[in-house]
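Below is one structure, written out as structure tokens; comments come after it.
The values are calculated or read from the model by the stated rules, or taken from the named source; none is laboratory data. Predicted model, so just to flag it, every value in this text is computed and none were measured. Areas reflect the complete protein model, heavy atoms only, side chains present, ligands, DNA and RNA absent. Shrake-Rupley method; radii C 1.70, N 1.55, O 1.52, S 1.80 Å.
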Amino acid sequence: MTENRSHAERALSPRAVDALLLDTTPWLSCDDCFTRMDTHVEALLRTGTSPDPVMDRHLQGCVACSEEAESMLALLRDDSL
Ligand SMILES: [Zn+2]
């Protein structure tokens, strides 16, 4: 686990920062989760760490969404090879 990655390194867009600041819900709905899935999985592949703790938390608690994330990860990995 590498947790000492600086925030600047993650290169969040201003929009992403806004979204993070606005979102005070500790638990996403599955709809929200699916909306963010693309961005989340892409960032995960790029940085190797989860860019969105809220999303992460939903995925830990939701089998449906975490399976979706897993298959999307697998697809994107294949694409980039
Ligand atoms: Zn879900």
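All alpha carbon pair distances within segment 25-80 were sorted into 5 Å bins beginning at 0; the resulting P(r) in whole percents reads 4, 21, 35, 25, 11, 3, 1.
Accessible surface area normalised per residue over segment 25-80 is 62 Å², counting heavy atoms of protein chains with a 1.4 Å rolling probe.
Compute the length gained on full extension between Ser29 and Ala16: take 0.36 nm times their separation in residues and subtract their Cα-Cα distance, giving the result in nm to one decimal. Computed gain between Ser29 and Ala16 is 2.9 nm. Counting alpha carbon pairs within less than 8 Å and at least 6 residues apart, what relative contact order, in whole percent, applies to segment 25-80? That works out to 37 percent.
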